[in-house]
Amino acid sequence: MGIKVVTTSDTALGVDYLEYSHTIGLSTMEGRGFYYPSDAAVGKDGRLLVVNRSSDSETRGVRVTVCNMEGEYFGTFATFGEDDGQLVWPTAIAVDGTGRIYVADEYNNCIAVFDSSGGFLAKWGVRGDGAGEFDGPSGMAFDREDNLFVVDHKNHRVQKYTKDGRFLTDFGSAGDGDGQLDLPWGIAVGRKGELYVADWRNDRVQKFSHDGGYLAQYGGSGRGDGQLSRPSGVAVDDDGYMYVADWGNERVQVLDPEGGFVMSLRGQATLSKWAGDFLNTNVEEAEARAKSDLEPDMEFVVDEPHEESSHIEKYFWAPVSIKYAGGGIVYVVESNRHRIQVYKRAT
């Protein structure tokens, strides 16, 4: 079956709710760029903090890259390792109301805390299944009172802490029933304090009250409109619309406040400013790219979105995280293409 190259978004409203803006990123193991990014957060000054997981075979890529929406680069902090201020398998990043930066590390089973300039401050957490213990911390989000919600991936629950690391409570248990979780990953806090959890293995997003009471669920396994396959991230805007990183389907879906399907995006990436700078100084690579067919007409033995995404450069490939930054701005973190696609709400 040939690839269908999507040039406009499918939408249930007749108009696009999100419109593509631009791309940020460049594949580098050090300095300006990303290397298998896993999450992003927006600081109080509008700077974008992107945590890079790197790969098992190359640990130099582990770091937090600091830039802004326009692609201005401000540096990096944190390195690979198990000492204070180091990371091994970083999964998520969040910023509290004072600008302090929190990074979840699923290898070290801890939360590392940095000041707004990237200086190490503290860390907490040990491996386990008790109160205040982790088995693979992943998504994180702060509420308006600066309480931190941490998705405890392999313990199938969400834990709540003060910003100083004091355990408050948790909710969730293993299973597929209402309010139960199976390897959850991403989390978001809504405008009224509701909690939205990307329930990864259950192929759904669940909505909880601020104290962890079950409210609703959206999705269900499949490739159709509004269906999900291994969702890894969720974000919510000020009007209650949900943006879901539908990782297994290599797309982003927009759902209305009641969970109704609004639109689906496969990705529309263009060349980033950083990539343009690189090609301007690497003539041979620029010439090779200019001769390449970036949207080949191919047939695959297996009809899967992963195959399409790996061959069509503008498509999402491993959209692992999604963040709503306010002002109608949405960031989609693509791990396998080492970039962020930026979208804006249509006016």
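Key figures
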| quantity | calculated |
| --- | --- |
| Number of the exception - Thr169 against (1) open to solvent by less than 10 Å² (accessible area, probe 1.4 Å); (2) over 22 Å from the mean Cα position of the chain (by Cα) | (1) |
| Qualifying residue in the range 123-136 (condition: out of contact with any Asp or Glu (no Cβ under 6 Å at 6 or more places or on another chain) and under 25 Å from Ile24 (Cβ atoms)) | no |
| Condition check for Asp199: crowded, with 18+ Cβ neighbours inside 10 Å and acidic (Asp, Glu) | yes |
| Single residue of the range 231-241 satisfying the filter (in contact with a Phe, Trp or Tyr (Cβ under 8 Å, 6 or more places away or on another chain) and not in a strand (DSSP E or B)) that is most open to solvent (accessible area, probe 1.4 Å) | Tyr241 |
| Matching entry among Lys192, Lys163 (being open to solvent by 20 Å² or more (accessible area, probe 1.4 Å) and either β-branched (Val, Ile, Thr) or touching an Asp or Glu at 6+ places or on another chain (Cβ under 6 Å) (or both)) | Lys163 |
| Candidates Leu215, Leu228, Leu294 - the one that is at pLDDT 95 or above and open to solvent by 60 Å² or more (accessible area, probe 1.4 Å) | Leu215 |
| From the options Ala104, Ala122, residue that is aliphatic (A, V, I, L, M), in a strand (DSSP E or B), open to solvent by 40 Å² or more (accessible area, probe 1.4 Å) and at pLDDT 95 or above | Ala122 |
| Tally, over the range 253-281, of residues that are buried (at least 19 other Cβ atoms within 10 Å of the Cβ), of a type in the set (Gly, Ala, Ser) and either in contact with a Pro (Cβ under 9 Å, 6 or more places away or on another chain) or more than 20 Å from Lys314 (Cα to Cα) (or both) | 1 |
| Selection status of Arg157, surrounded by 14 or more Cβ atoms within 10 Å (Cβ to Cβ), out of contact with any Asp or Glu (no Cβ under 8 Å at 6 or more places or on another chain) and over 29 Å from Lys44 (Cβ atoms) | no |
| Looking only at the range 46-69, and only at residues there that are touching a residue at least 60 places away in the same chain (Cβ under 8 Å) and part of a loop (DSSP other than H, G, I, E, B), the one that is surrounded by the fewest Cβ atoms within 10 Å (Cβ to Cβ) | Met69 |
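The values are calculated or read from the model by the stated rules, or taken from the named source; none is laboratory data. Predicted model only: the values in this text are computed from it and were never measured. Ideal geometry is used to build each Cβ from the backbone, glycine not excepted, and the neighbour counts take in all protein chains shown. Remember, those area values only see protein heavy atoms, side chains included, never the ligands or the DNA or RNA. Shrake-Rupley method; radii C 1.70, N 1.55, O 1.52, S 1.80 Å.
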